[in-house]
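*Asks:* My questions all concern the structure below.
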Amino acid sequence: MSTSTEGAVLVLNAGSSSLKYQLLHPDTAEVIAEGIAERIGEDESSITHEQNGEKSTRTEPLHDISAALDAASEMFAQSGTDLATAGLSAVGHRVVHGGRSFFHPTLVTDEVVSEISRISTLAPLHNKANLAGIEVARKKLPDVPSVAVFDTAFFHDLPDEAATYAIDRGVAHLHAVRRYGFHGTSHQYVSGKAAEFLGRDYADLNQIVLHLGNGASASAIAHGEPIDTSMGMTPLEGLVMGTRSGDIDPGVLLHLSRVAKLSNDQLDTLLNKNSGLKGLCGDNDFRTITSRMDNGDENAKRAYKVYIHRLRRYIGAYMIELGKVDAITFTAGVGENADNVRRDALAGLETYGIVIDDERNSVRGKQARRISADSSAIDVLVVPTNEELAIARQAAAVARGEQPE
């Protein structure tokens, strides 16, 4: 028996070669269907759709986002859901960069589309793809309001000292150069859930949130307000990631440009796609890296050590910035599943009030849980992120004419 779709939200995350989607009820968090189209633009594209407890996959050419959404709509229909008549309350779109223009979930209009396009120079790999998803959804579901939810919004009001790069002020202002931060939807959702788990008022807590996936970022949140985050003007700054370098001396880029004659595009590819764990050891899957370390692979060991070293630097810096820390929370694919990363990131910090319980840390699960010992002055948690639900709730609120907090 199919679930009612009345009032549900379709969440779209359009990438350069993929389209992730989820249909869910924002109030109950019930997921009706989800899927992903991959290798869009290639001959061997595929789309996988899961609904009513059944999963199906089609392999066919999907030349663009429009073709991918058409294929998804067909698979919805085969499962008993006509998106055009399903009574959807909104389509929620993940948009990576809001620049200085967008810092709230925003109802999409022609003017909003134009402005997202204008600021796409800040994140050309992401925003153009996000915008393609918006334009396709508005065309195919014209009667359903589209709402853009921005990755950068949560960090819009970072203190000046955290948001400002120490370069010429005029140049920075003219070209919108500042630290924007990313993964904001996840950091906001997870920090809120951490407060719920602890039974504490969100505004009373000082938290460090570690979003560790293929992309990775850290945030320091003081009394409900973010005061620092590891990603900067782009999602490239900060922690070591799956394929991204994170922090690097900008002189390295000048050196490679002058000596190796690498172009801007080549440097972009190097830092975004061929660096991080992949650049260090050839793999960016932590399960593979851990297996290789267990077998004595030195490159994998070195990559892991570099990853943990950078992570500990940010944790230490944010502990000092916050002064008092109530909770440290791990989330996203690596943060939720790699117990060795959690253990090693916080090893030897008992003097600072952090004591990990090895048995609790080894437990796998999909629920929020505490992994610190009862004697730990700082609570250490694992809280699964749910960016789709967060986007759905914000989109539904905007569609009702409300402004989410």
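The values are calculated or read from the model by the stated rules, or taken from the named source; none is laboratory data. Just so you know, these numbers come straight off a predicted model, no measurement behind them. No Cβ is skipped: glycine too gets one built from the backbone with ideal geometry, and neighbour counts run over all protein chains shown. SASA here: full protein model, heavy atoms, side chains in, ligands and nucleic acids out. Shrake-Rupley method; radii C 1.70, N 1.55, O 1.52, S 1.80 Å.
*Asks:* Of the residues G92, G98, G53, which single one is on the phi > 0 side of the Ramachandran plot and of a type in the set (G, A, S)? Quick ask: steps written out before the conclusion?
*Replies:* Details: G92 fails: on the phi > 0 side of the Ramachandran plot; G98 fails: on the phi > 0 side of the Ramachandran plot.
Only one candidate passes the filter, namely G53.
*Asks:* Right, another one. Here's a check for you: in segment 343-362, which residue that is over 13 Å from D374 (Cα atoms) and without any contact (Cβ under 8 Å) to a residue 12 or more places away in the chain is surrounded by the most Cβ atoms within 10 Å (Cβ to Cβ)?
*Replies:* Applying the filter and picking the extreme gives L349.
*Asks:* Follow-up. Are there any strands (runs of 3 or more DSSP E) wholly within segment 29-87 with 1 or more residues that are over 26 Å from the mean Cα position of the chain (by Cα), and if so which?
*Replies:* On the way: elements: 31-38, 46-51, 54-59.
Hits in segment 29-87: 54-59.
*Asks:* Out of the residues in segment 390-405 that are crowded, with 20+ Cβ neighbours inside 10 Å and not polar (S, T, N, Q), state the one that is farthest from the chain's Cα centre (by Cα).
*Replies:* Taking segment 390-405 and keeping what is crowded, with 20+ Cβ neighbours inside 10 Å, we get 390-396, 398-399.
From the residues that got through so far, the ones that are not polar (S, T, N, Q) too are 390-393, 395-396, 398-399.
Values: A390: 12, I391: 12, A392: 15, R393: 17, A395: 17, A396: 20, V398: 21, A399: 23 Å.
Filtering first and then ranking leaves A399.
*Asks:* Would you tally the residues in segment 298-342 being loosely packed, with under 14 Cβ neighbours inside 10 Å, over 25 Å from the mean Cα position of the chain (by Cα) and within 15 Å of V240 (Cα to Cα)?
*Replies:* So the count comes out to 1.
*Asks:* Right, another one. Being exposed (fewer than 13 other Cβ atoms within 10 Å of the Cβ), of a type outside the set (A, V, I, L, M) and assigned to a helix (DSSP H, G or I) is the filter here, so list the residues in segment 131-181 that pass it.
*Replies:* K139, D160, E161, R169, G170, H173
*Asks:* Just checking, does segment 208-223 include any residue being open to solvent by 50 Å² or more (accessible area, probe 1.4 Å), touching a Lys or Arg at 6+ places or on another chain (Cβ under 9 Å), at pLDDT below 95 and within 26 Å of A368 (Cβ to Cβ)? Show your work before the answer.
*Replies:* If we filter segment 208-223 for residues that are open to solvent by 50 Å² or more (accessible area, probe 1.4 Å), which is where we start, we get 214, 223.
Among the residues that remain, those that are also touching a Lys or Arg at 6+ places or on another chain (Cβ under 9 Å) are: 214.
Filter again for at pLDDT below 95, leaving 214.
Now restrict to residues that are within 26 Å of A368 (Cβ to Cβ): 214.
There is at least one residue in segment 208-223 that is open to solvent by 50 Å² or more (accessible area, probe 1.4 Å), touching a Lys or Arg at 6+ places or on another chain (Cβ under 9 Å), at pLDDT below 95 and within 26 Å of A368 (Cβ to Cβ).
*Asks:* A303: in contact with a helix residue (DSSP H, G or I) (Cβ under 6 Å, 6 or more places away or on another chain), closer than 21 Å to A347 by Cβ and of a type in the set (G, A, S), yes or no?
*Replies:* yes
*Asks:* Residues that are in contact (Cβ under 8 Å) with a residue 40 or more places away in the chain and among the hydrophobic types (A, V, I, L, M, F, W, C): which helices (runs of 4 or more DSSP H) entirely in segment 246-322 hold 3 or more of them? Full working, then the answer.
*Replies:* Working: elements: 250-259, 264-273, 276-281, 286-294, 298-322.
The helices (runs of 4 or more DSSP H) meeting that bar are 298-322.
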